[in-house]
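The values are calculated or read from the model by the stated rules, or taken from the named source; none is laboratory data. Remember, predicted model here, so these are calculated numbers, not experimental data. Positions of Cβ are generated from backbone atoms using ideal geometry, with glycine treated the same way; all protein chains shown enter the neighbour counts.
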């Protein structure tokens, strides 16, 4: 049996799958690997293209009847989260704000806590800092590695959505990215995948340097220590199994989204 797994090129994703795709973890099935950016995967989830897919917490709200969330492989911000940057202090209400996609969790978090900007501009996430530097947009909402490199481009942080979430939630982790399984997959198939995946995550923890070198094949930057820092931000104990803290954070996230009219009412299915 072959199962398609789609994940992003971000080092935290590839780090988790290192043991599986490099053959260090014996798996129940043959897995076909697909690597695409998160917003592309968010959009493809509407058509249930892949058996297992990375997905933003935001985008999942639109496909909760097609996919089930998995308790392994999630990216929660424990000490960090999406940020808004600009060249100088700006009034966001009169600014154009670059966002990495309307399906991203960062967009919902901004809608939770940020003022409505003059306009949202959907941009490829890794181009946002340079667009701010060039004046093509007034401010940018940053995710992934760009959160660690914006200062080198002379940009400053004007809004920290991770901090705002933690104050709002009572210090719950920030829901960001997840893995989801098509709801048509049989329960035993999902159970076996989760067993393979958790062993792969554990293998990455135990062989960090090798897993990081593997992740560099997909990374946008050539600085392995930068990628190590990024991976350690988002691959943590909650990645192996996000348990009650993750469930509580998700419940609050979707309740807040519903209260603001961003989603309809639903209860996520978590396996």
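Closer than 23 Å to residue 54 by Cβ, out of contact with any helix residue (DSSP H, G or I) (no Cβ under 6 Å at 6 or more places or on another chain) and either modelled with pLDDT under 95 or in the same structural domain as residue 46 (by TED's automatic domain parsing) (or both), is that true of residue 89?
Criteria not met by residue 89.
Only one residue in 106, 72 is under 15 Å from the mean Cα position of the chain (by Cα), assigned by TED's automatic domain parsing to the domain that holds residue 11, touching a residue at least 40 places away in the same chain (Cβ under 8 Å) and outside any strand (DSSP E or B), so which one is that?
After ruling out the rest, the residue left standing is 72.
Residue 52 versus (1) at pLDDT 95 or above; (2) farther than 21 Å from residue 240 by Cα; (3) crowded, with 17+ Cβ neighbours inside 10 Å: which is the lone unmet condition?
The one condition residue 52 does not meet is (2).
Could you say which residue among 164, 148 is surrounded by fewer than 21 Cβ atoms within 10 Å (Cβ to Cβ), in the same structural domain as residue 93 (by TED's automatic domain parsing) and within 29 Å of residue 269 (Cα to Cα)? It would help to see each step written out before you state the result.
Values: 148 fails: within 29 Å of residue 269 (Cα to Cα).
When all the criteria are applied, what remains is 164.
When the residues of segment 171-203 are filtered to those that are touching a helix residue (DSSP H, G or I) at 6+ places or on another chain (Cβ under 9 Å) and assigned to a loop (DSSP other than H, G, I, E, B), which remaining residue is surrounded by the most Cβ atoms within 10 Å (Cβ to Cβ)?
Here the residue is 173.
Pick from 245, 265: which is in contact with a strand residue (DSSP E or B) (Cβ under 9 Å, 6 or more places away or on another chain) and either within 26 Å of residue 172 (Cα to Cα) or without any contact (Cβ under 8 Å) to a residue 40 or more places away in the chain (or both)?
Working: 265 fails: in contact with a strand residue (DSSP E or B) (Cβ under 9 Å, 6 or more places away or on another chain).
Selected residue: 245, the only one of 245, 265 that is in contact with a strand residue (DSSP E or B) (Cβ under 9 Å, 6 or more places away or on another chain) and either within 26 Å of residue 172 (Cα to Cα) or without any contact (Cβ under 8 Å) to a residue 40 or more places away in the chain (or both).
Would you say residue 72 is crowded, with 24+ Cβ neighbours inside 10 Å and in contact with a strand residue (DSSP E or B) (Cβ under 9 Å, 6 or more places away or on another chain)?
Judged against the criteria, residue 72 is not a match.
Considering only segment 204-218, how many residues are exposed (fewer than 15 other Cβ atoms within 10 Å of the Cβ) and within 21 Å of residue 238 (Cα to Cα)?
The total comes to 2.
Out of all the residues in segment 19-40, which are modelled with pLDDT of 95 or more and buried (at least 24 other Cβ atoms within 10 Å of the Cβ)?
The one that is modelled with pLDDT of 95 or more and buried (at least 24 other Cβ atoms within 10 Å of the Cβ): 19.
In segment 235-246, what residues are part of a helix (DSSP H, G or I) and surrounded by 15 or more Cβ atoms within 10 Å (Cβ to Cβ)?
The answer is 238, 239, 240, 245, 246.
Can you pull out every residue in segment 151-170 that is under 30 Å from residue 138 (Cα atoms), out of contact with any strand residue (DSSP E or B) (no Cβ under 6 Å at 6 or more places or on another chain) and not in a strand (DSSP E or B)? Walk me through how you get there before you give the answer.
Initial filter on segment 151-170 (under 30 Å from residue 138 (Cα atoms)): 151-169.
Of the ones still in play, those that are also out of contact with any strand residue (DSSP E or B) (no Cβ under 6 Å at 6 or more places or on another chain) are 151-154, 156, 161, 163-164, 166-169.
Matches in segment 151-170: 151, 152, 153, 154, 161, 163, 164, 166, 167, 168, 169.
Given the structure, is residue 213 assigned to a helix (DSSP H, G or I), free of Cβ contacts under 8 Å to residues at least 24 places away in the same chain and in the same structural domain as residue 15 (by TED's automatic domain parsing)?
Yes: the conditions hold for residue 213.
Write out, first by first residue and then by second, each pair whose Cβ atoms fall under 6 Å of each other, whose residues are 6+ apart or on separate chains, and whose first residue, in segment 20-34, is on the phi < 0 side of the Ramachandran plot while the second is surrounded by fewer than 14 Cβ atoms within 10 Å (Cβ to Cβ) and assigned to a loop (DSSP other than H, G, I, E, B).
Partner pairs satisfying both residue conditions: 29/1.
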